[in-house]
1. Rounded to the nearest whole Å³, what is the per residue volume of the convex hull around the Cα atoms of chain B?
2. Just how large is the dipole of the range B:1-129 about the Cα centre, in debye to the nearest 20, putting +1 at every Lys and Arg Cβ and -1 at every Asp and Glu Cβ?
3. Can you say what percent of the DSSP beta bridges in chain B, counting only those with both residues inside, are antiparallel? Round to 5.
4. Quick one: Cα convex hull volume of chain A, Å³ per residue?
5. Projected onto the charge dipole of the protein assembly as shown (+1 at Lys/Arg Cβ, -1 at Asp/Glu Cβ, origin at the Cα centre), which of A:Y59, A:V96, A:I144 gives the Cα projection farthest towards the positive end?
6. Give the separation of the Cα centroids, the range B:86-161 to the range B:199-213, in Å.
7. Only four residue types carry charge here, +1 at the Cβ of Lys and Arg and -1 at the Cβ of Asp and Glu. Report the dipole size of the protein assembly as shown about the Cα centre in Debye, rounded to the nearest 20.
8. Strictly over 22 Å apart at the Cα level, which of B:K48/B:K97; A:K33/B:K128; B:K41/B:K117; A:K33/B:K36; B:K36/B:K167 would you flag in this model?
Amino acid sequence: MDLYPLLNSLRIAAISAVIVFFIGIAAAYYIAKCPRIVKGVLDVILTLPLVLPPTVVGYLLLLVLGPKRVIGSFFLESFNVKLTMQWWSAIFAVSVIVLPLMYRTARGAFENFDENLASAGRTLGLSNTYIFWRIRIPACKQGIIAGVVLSFARALGEYGATSMIAGYTPGKTATVSTAVYNLWRIGNDELALKWVLINIAISAVVLLCINLIEKPYGRRSK
Amino acid sequence: MLYADFEKQLDLFTLKVHIDLDSGIYSLFGASGAGKSMTLKCIAGIEKPDRGIIRLGDRVLFDSDRRIDLPPQKRGVGYLFQEYALFPDMTVKGNIKAGLHRLPRKERNAKADELMKEFRLTSLADQKPIRLSGGEKQRVALARIFASEPEVLLLDEPFSSLDTFLKWELIPYFKETLQSFSGCSIMVSHDIDEVVSLCGMVSVIQSGVTEPAVGIDAFRAMIEEKLPAKNLSKESDTKND
């Protein structure tokens, strides 16, 4: 059995989780400071991918990244790089789909943060960067870790947008989810079932991890 | 030494503060919601007044006409928060070291040890704040503030999160610590007994407006005139909101 789809899914999910970690946290932090109307608009935009069908997200991504579209053609002409149908093309799709999960969990964590801690840090002469990374993030770590793990889990399972932007090329762009569909389509039920079971196992382990992360802290804070 | 004269529009009233003090422990006395904490936050630079001027010694911290508004990091103001605002993910020593950031990294450790000794915290060095009692938290917060060597101390209801018994046990130590401090202190409080036992000057603040400061004896006379003496102690006992 060729394990390439598993490897590919894991690396796409891992890279996407890292990307949304930074973007999600930055968005949660800065959007909270925006005026109310701007905040409302940005909040809707960043949360939309959560409720839109992944195919719609895939379509929109192709609209900008496709080889004949603005960004896609720019990269093709300037760097001779095609942004679609590569294994890493899925990272665009997965990151967009997963960002709302990270953004919303990080925002929830930040909203519970005691601003007096930041103020105390400032009166003590600590830089805003130090306060952010050494006081705010650690105080919110439980929510942030949960957000990352949840994003990773969701990233592993992304199908719709991935299949549109990266397609299914065995040994190149195949992921677990696209492999299951394509194996089933060609009637290879046995192999499809194996991937289904692998997928269930990984997702269950990830969710178990979330529970293990949340419990000790939850108990301590109450 | 500290001169503050500013206004800030709040939801329910306009804060009009006039404070001019040279040394010693000064109290802003008033009911909850009278604008006491907001006053301290404006002086510390956490909140921004609409207009006015704040000076510390010969340094201008805030001047709306000249568009000067120093960030809290540059004001040299120590702020003791109501619940002490200790950093929950750092140990006692880590919290104190956070106040020592202006020192070169190598010197911080020795200085932190020194401060922990001074504030009787050495045995608690590796504890997280959540494991500390109220009095211990207060000492850590004070040590951390002294580590940053402020020129003025702002104390926001320093005893409100402690029970009455513990409070009276801590006050003599607290007073000693404040008296050893070379700059001046402003303590915000709604507790008459606290004010009388700690402060030299008192300014009453009502609906955001500060009245001219009076000496502690004049303050006591004023209170006794308004409230019969026997009600005074009763009032302060039941007041712990």
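1. 131
2. About 500 debye.
3. Antiparallel bridges: around 55 percent, rounded to the nearest 5.
4. Hull volume normalised by residue count: 151 Å³.
5. Comparing the listed Cα positions along the dipole, A:Y59 ranks first.
6. Between the Cα centre of the range B:86-161 and that of the range B:199-213, the gap is 30 Å.
7. 1780
8. B:K48/B:K97; A:K33/B:K128; B:K41/B:K117; A:K33/B:K36
Laboratory data are not the source of any read-out in this text; all were calculated from the coordinates shown. Predicted model, so just to flag it, every value in this text is computed and none were measured. Note that we place each Cβ from the backbone using ideal geometry, even for glycine, and neighbour counts take in every protein chain shown.
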